[in-house]
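S.K.: Pasting a structure here, questions to come.
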Amino acid sequence: MTDQALEQLKDLLHASSRTVIFTGAGVSTESGIPDFRSPGGTWSKYQPIEFSDFIASEEMRRQSWSRKFATDVELIAAQPNRGHRAIAKLIEFGKAACIITQNIDGLHQASGIPDEKIVELHGNTTYATCLDCAVRQELEPIKKRFLEDDIIPTCDECGGIVKAATISFGQPMPEAPMQAAKTETDLTRLFIAIGSSLVVFPAAGFPLLAARNGAKLVIINREPTGMDQYADVVINREIGPTLGEVVGVN
Ligand code: NAD
Ligand code: ZN
């Protein structure tokens, strides 16, 4: 990575009036939340629970909730970092139109960005929903009943299965965010992918779509990705210091 790449990014941002920011787990590692694929990341500790197994088996649901409440401590303590703050500034200044995120940690919201500017492709782990009637359920009462009385949550309204509001492997992608992400990607001339290994599809299809549309594609990631060949600028550096410098945020 050279300073030239940083200058290129500054110039592209300066010239662009409608930028899309696309983020992955890498934007939150500086907040203490492990990503999935780095050494020590989530997948080196746990096998993912497939959606069909969660639906089919009470034992899997028990395992899933138990795992969630054991690992949530890091998440609850997490605060937005310099990278989140720089992205929030880009939104505030009207430089970036929206954030498409694969993250489920709610840290873009916590950095002050309004909900309508955030497209969550993989849902949000800071609350739960009923899989049948979609009503939102808060985690605190679920956690209390699970830890104290070993009760697996069901919906108070309809009796349906309650699940953290994230999209699991094998679960259909949420339609409205997928549509919003496509519309925003089609409208943009500058697409910046930040902290993603770009291997999880369909999410990783959006940077590809941007490049195919002829938009400028910038990739900021510690390590190379399989999509570097489609990018106009690749910056292999730490996200917080890089975005902090480019946007002028501490
Ligand atoms: P990933 O783990 O596959 O890739 C993260 C990438 O970020 C890696 O290539 C890594 O080298 C890079 N990275 C990590 N920290 C960095 C830093 N400080 N500076 C620069 N680069 C850094 O994550 P992904 O592509 O988002 O896909 C994984 C899936 O994981 C997503 O579906 C997402 O839902 C989920 N996930 C989310 C969170 C979260 O919400 N914080 C955490 C773990 C996993
Ligand atoms: Zn319900």
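S.K.: For the stretch 156-234, what's the relative contact order in percent, using C-alpha pairs closer than 8 Å and at least 6 residues apart?
M.R.: Numbers: 79 pairs, mean separation 20.3, N = 79.
Relative CO of the stretch 156-234 lands at 26 percent.
S.K.: Pop out the ³J(HN,Hα) list for the stretch 230-240 in order, Karplus 6.51 cos²θ - 1.76 cosθ + 1.60 with θ = phi - 60°, rounded to Hz; leave Gly and Pro as x.
M.R.: Computed from phi, the couplings for the stretch 230-240 are 8, 8, 7, 9, 10, 10, 8, 9, 5, 5, x Hz.
S.K.: With 25 Å as the limit, write out which pairs from LYS117/LYS182; LYS68/LYS95; LYS117/LYS143; LYS68/LYS117; LYS68/LYS144 have Cα-Cα distances beyond it, or answer none.
M.R.: Numbers: LYS117/LYS182 14 Å; LYS68/LYS95 36 Å; LYS117/LYS143 30 Å; LYS68/LYS117 27 Å; LYS68/LYS144 13 Å.
As for pairs spanning more than 25 Å Cα to Cα, those are LYS68/LYS95; LYS117/LYS143; LYS68/LYS117.
S.K.: Given a cut-off of under 8 Å on Cα pairs at least six residues apart, what relative contact order in percent is computed for the stretch 38-150? The partial results should precede the final answer.
M.R.: Details: 83 pairs, mean separation 18.0, N = 113.
The value is 16 percent.
S.K.: Please state the relative contact order of the chain as a whole percent: Cα pairs under 8 Å, 6+ residues apart? Walk me through the numbers before you get to the answer.
M.R.: Details: 434 pairs, mean separation 65.7, N = 250.
Relative CO of the chain lands at 26 percent.
S.K.: Amide H neighbours of VAL119 under 5 Å, at least 5 residues apart or on other chains, H built in the peptide plane: list them.
M.R.: Amide H to amide H, under 5 Å and 5 or more residues apart or across chains, VAL119 pairs with ILE99, ILE100, THR101.
S.K.: Could you pull out every residue, at least 5 positions away or on a different chain, whose amide H is within less than 5 Å of the one on THR166? Hs are placed 1.01 Å off N in the peptide plane, and Pro or chain starts have none.
M.R.: Amide H neighbours of THR166, under 5 Å, 5+ apart: ASN124.
S.K.: How large is the direction-averaged shadow of the alpha-carbon convex hull of the chain, in nm²? All intermediate terms of the calculation are to be shown ahead of the outcome.
M.R.: Numbers: hull surface 52.6 nm².
Hull-based average projected area comes out at 13.1 nm².
S.K.: Percent antiparallel among DSSP beta bridges with both residues in the stretch 91-236, to the nearest 5?
M.R.: On the way: 7 of 18 bridges.
In the stretch 91-236, approximately 40 percent of DSSP beta bridges are antiparallel ones.
S.K.: Let me ask something additional. With all protein chains present, calculate the accessible area of GLU58 using a 1.4 Å probe and round the result to the nearest 10 Å².
M.R.: 100
S.K.: Give me a comma-separated list of calculated 3J(HN,Hα) values for the stretch 5-12, in order, Karplus coefficients 6.51, -1.76, 1.60 applied at θ = phi - 60°, integers in Hz, x for any Gly or Pro.
M.R.: 5, 5, 4, 4, 5, 4, 5, 4
S.K.: About the Cα centre, and with charges only on the beta carbon of Lys, Arg (+1) and Asp, Glu (-1), how big is the dipole of the chain? Nearest 20 debye, please. Mind showing how you got there, number by number?
M.R.: Values: 24 positive and 32 negative charges, 110 e Å.
In debye, rounded to 20, the chain gives about 520.
S.K.: Could I ask something else about it? Could you sort MET227, MET178 by their accessible area in this structure, using a 1.4 Å probe and putting the largest first?
M.R.: Values: MET227 10, MET178 45 Å².
My answer, sorted largest first, is MET178, MET227.
S.K.: Related question: Return the percentage of antiparallel bridges among DSSP beta bridges fully within the chain, rounded to the nearest 5 %.
M.R.: On the way: 7 of 28 bridges.
Within the chain, antiparallel bridges account for around 25 percent of the total.
S.K.: Further question on the same structure: For VAL73, VAL135, give the ranking by accessible area with the largest first, probe 1.4 Å.
M.R.: Details: VAL73 100, VAL135 45 Å².
Result of the area sort, largest leading: VAL73, VAL135.
S.K.: Where in the stretch 123-217 are there chymotrypsin sites (Phe, Trp or Tyr not before Pro) that are in a DSSP coil and have at most 14 other Cβ atoms within 10 angstrom of their Cβ? All intermediate terms of the calculation are to be shown ahead of the outcome.
M.R.: Numbers: sites: TYR127, PHE146, PHE169, PHE191; in loops: PHE169.
For chymotrypsin sites (Phe, Trp or Tyr not before Pro) across the stretch 123-217 that sit outside H, G, I, E and B with at most 14 neighbouring Cβ atoms in 10 Å, the list reads PHE169.
S.K.: Can you check what the net charge comes to around ILE151, using other residues whose Cβ is under 13 Å from the Cβ of ILE151 (Lys, Arg +1; Asp, Glu -1)?
M.R.: On the way: positive: ARG61, ARG62, LYS143, LYS144, ARG145; negative: GLU58, GLU148, ASP149, ASP150, ASP156.
Summing Lys/Arg as +1 and Asp/Glu as -1 gives 0.
S.K.: For the stretch 138-220, how big is Rg over Rh, using alpha carbon atoms and the Kirkwood form of Rh?
M.R.: Values: Rg = 18.6 Å, Rh = 15.8 Å.
Computed over Cα atoms, the ratio is 1.18.
The values are calculated or read from the model by the stated rules, or taken from the named source; none is laboratory data. None of these values were measured; they are calculated from a predicted model. Note that we place each Cβ from the backbone using ideal geometry, even for glycine, and neighbour counts take in every protein chain shown. Just the protein is used for accessible areas: all its heavy atoms, side chains included, with ligands, DNA and RNA removed. Shrake-Rupley method; radii C 1.70, N 1.55, O 1.52, S 1.80 Å.
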